[in-house]
Amino acid sequence: MRRLYTALFYAATPFILGRLAWRGLKLPAYRERWGERFARYAPVPGGEGMAWFHAVSVGEAEAAFPLIRAFRARHPGLPILVTCTTPTGSARIGAVLGDTVAHVYLPYDLPGVVARFLDHFRPCLGVVLETEIWPNLYRECARRGIPLAIVNGRLSEKSARGYGRIAGLVAESLAAVGWIAAQTSLDAKRYVALGADPRKVAVTGNIKFDIEFPAPLREQATALRETLFPGRPVWIAGSTHPGEEEQVLAAHAQVRSVLPDALLILAPRHPDRFQEVRTLCAKTGIPLRCRGESLPCEAGTGVFLLDSLGELRCFYGAADVAFVGGSLIPQGGHNVLEPAVAGVPVLFGPHMFNFAEIARRLEDSGGARSVADADGLAATVMDWLTDFDTRSEIGAKASAFVDGNRGAVARVVEPISALLQSRLDSGRTIDT
């Protein structure tokens, strides 16, 4: 089955590159660094004995940062490599970690390509965030004796069904993993059902709870608000998707009919859609200002389009109310902890299946509310924007919920350090 998978991957590669080129028409970063996707690293120094962390995109990278810091504190002399697959994730890694780590795109899962990747960086440990399972990469790591861990493991029902269609290949891949840190008991059961050794699966909680909203970031959020839209009632819709912005804008029109000075910060999930969403906003007739213009909002401005990278968390902190997108449409939702940690009351739609447990628990804590549609969104936003005491209470409960569930990073660092030590104790040289 792995041979068939590899053949299909080779056949699909031209189409994958065509998609990168297509996306590059809107976001030029997709046209750059293609060599890294084939493990060509002429300008990037390699290493011996690097600890390698893989975070697919922005969300996984944000979760990885506290873990990387804790791991570095435990192993201060060990060089670290961080990989991702998207330009937005790469930009965030560069902004937060800078040159303190090596950073490249994870190459495509083709046998010769992954061999070049491992030859170049020679990792002594691999830590993969959430749900990434790459059969050729995992097999080659096992062949070379490189210990692997899946951390913050999450398998939605949909993902589990998809992997179940290739159960033999997935089971072979999971056999190469030394330890799986699942977010919940349900995630753990799904990994075991797919073939993971139950002795190597543990429930450690979600490391995204270890997210911080430090004082400097809070001060930056306050300064942004005072500079860009002082004295306005402000709500934000973060990580929105096609078919969802229309509903958010319709809800905002209702809000403005009651609160004419209300401002919506609209933050599309994918940067290659910024122009598309800008055009959509213009069609509504609501006066628009874009972050890229670097200008304060005028009194009549109704929508502020966040057409920048890496600023969503800060703008969550600058808002009075936060709606987390991907949830009014069947996308599965996004991370509700980012606004919650800033002490902002949280709203989300009915489609939160990728974050079902966290969303349910946050709502049960009193720090969030689920809405069914655009009308429900508008009604709740109006209620909270006009009631300072209520939204302050809900925001405080949201922040307390995050604080009360911290600690997953500490539960993860020890086992992955043990995996690293097992590799060092073996004294095995890398077989190329």
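Starting from the residue with the highest accessible area, list Glu36, Glu219 in decreasing order, probe 1.4 Å. Don't skip to the answer; put the middle values down first.
On the way: Glu36 25, Glu219 125 Å².
Reading off the accessible areas and sorting them downward yields Glu219, Glu36.
Give a residue-ordered list of calculated ³J(HN,Hα) values for the stretch 362-369 (Karplus: 6.51 cos²θ - 1.76 cosθ + 1.60, θ = phi - 60°; whole Hz; x for Gly, Pro).
My calculation for the stretch 362-369 gives 5, 5, 4, 6, x, x, 7, 9 Hz in order.
Taking Rh as the Kirkwood radius computed over C-alpha pairs, what is the Stokes-Einstein D of the stretch 61-172 at 20 °C in a medium of viscosity 1.002 mPa s, expressed in µm² per second? Each step should come with its number before you reach the end.
Working: Rh = 15.3 Å.
My calculation gives 140 µm²/s for D.
Kindly write out, for the stretch 177-194 in residue order, the coupling ³J(HN,Hα) from the Karplus curve 6.51 cos²θ - 1.76 cosθ + 1.60 (θ = phi - 60°), rounded to whole Hz, with x marking Gly and Pro.
Going residue by residue, I get 8, x, 7, 10, 9, 7, 5, 9, 5, 5, 4, 4, 4, 5, 4, 5, 4, 8 Hz, with x marking Gly and Pro.
Apply the Karplus curve 6.51 cos²θ - 1.76 cosθ + 1.60, θ = phi - 60°, to the phi angles in the stretch 116-131 and return the couplings in whole Hz, x for Gly and Pro.
3J(HN,Hα) across the stretch 116-131, in whole Hz: 4, 4, 6, 4, 6, 9, 6, x, 9, 7, x, 10, 10, 7, 6, 10.
Where in the stretch 293-311 is the amide nitrogen less than 19 Å from a point lying 7 Å along the Cα-to-Cβ axis of Glu226?
295-298
With all protein chains present and a 1.4 Å probe, how do Ser370, Ser257, Ser173 order by accessible area, largest first? Let's see the in-between values first.
Working: Ser370 50, Ser257 90, Ser173 5 Å².
The residues order as Ser257, Ser370, Ser173, largest area first.
Full extension from Asp99 to Phe353: what is 0.36 nm times the residue separation minus their Cα-Cα distance, to one decimal in nm?
Numbers: separation 254, 0.36 × 254 = 91.44 nm, distance 3.62 nm.
Additional length available on full extension: 87.8 nm.
Given the rule -39500 (n - 2.57) for each run of at least 4 DSSP H residues, summed and divided by the residues of the chain, what is its mean residue ellipticity at 222 nm, to the nearest 500 deg cm²/dmol? If you can, show how the numbers build up before the last one.
On the way: 17 runs with 202 residues, N = 432.
Roughly -14500 deg cm²/dmol at 222 nm, from the helical runs in the chain.
Where does the chain land on Rg(C-alpha)/(2.2 N^0.38 Å)? Kindly include the intermediate steps, with their values, before the conclusion.
On the way: Rg = 22.3 Å, N = 432, 2.2 N^0.38 = 22.1 Å.
Compactness ratio reported: 1.01.
I'm a student and want to see the number: the projected area of the Cα convex hull of the stretch 254-403, averaged over all directions, in nm².
Working: hull surface 34.4 nm².
Projected area, direction-averaged: 8.6 nm².
Hey, which lysines would be in cross-link range of Lys208, C-alpha to C-alpha under 26 Å, not counting anything within fewer than 8 residues on its own chain?
Result set, ordered by chain and number: Lys158, Lys189, Lys200, Lys397.
Could you report the accessible area of Glu311 in Å², rounded to 10, computed with a 1.4 Å probe on the protein chains as they sit in the structure?
Ignoring ligands and nucleic acids, Glu311 comes out at about 40 Å².
Whenever you get a sec, compute what percent of the accessible area on the chain sits on carbon and sulfur atoms (1.4 Å probe).
It is 56 percent, rounded to a whole number.
Could you please put Met382, Met1 in sequence from largest to smallest accessible area, using a 1.4 Å probe?
Working: Met382 35, Met1 125 Å².
Order by accessible area, largest first: Met1, Met382.
For the stretch 219-315, report the % of Cα-Cα distances exceeding 19 Å. Before the final figure, lay out the partial values.
On the way: 1584 of 4656 pairs.
Looking at the stretch 219-315, the distances longer than 19 Å represent 34 percent of pairs.
Could you compute how much accessible surface Arg278 exposes when probed at 1.4 Å, giving the result in Å² to the nearest 10?
The accessible area of Arg278 comes to roughly 90 Å².
Using only the Cα atoms of the stretch 1-87, what semi-axes does the equivalent ellipsoid have when each is the square root of 5 times a gyration tensor eigenvalue? Give whole Å, largest first. Walk me through the numbers before you get to the answer.
Details: eigenvalues 162, 59, 40 Å².
Listed largest to smallest, the semi-axes of the stretch 1-87 are 28, 17, 14 Å.
Given the protein chains as shown and a 1.4 Å probe, how many square angstrom of Trp34 are accessible, to the nearest 10?
Its accessible surface works out to 80 Å², give or take rounding.
Using packing as a proxy for protection, rank 112-119, 55-62, 321-328 so that the peptide with the highest average count of other Cβ atoms within 10 Å comes first. Walk me through the intermediate numbers first.
On the way: 112-119: 18.6, 55-62: 23.4, 321-328: 26.8.
My ranking of the peptides, most packed first, is 321-328, 55-62, 112-119.
Can you give the FRET efficiency for Arg3 and Arg361, using 1/(1 + (r/R0)^6), R0 = 56 Å, r = Cβ-Cβ distance, to the nearest 0.05?
0.85
The values are calculated or read from the model by the stated rules, or taken from the named source; none is laboratory data. These numbers come from a predicted model, not from an experiment. Cβ atoms come from the backbone with ideal geometry, glycine included; neighbour counts cover every protein chain shown. The area values use the complete protein model at the heavy-atom level, side chains included, leaving out ligands, DNA and RNA. Shrake-Rupley method; radii C 1.70, N 1.55, O 1.52, S 1.80 Å.
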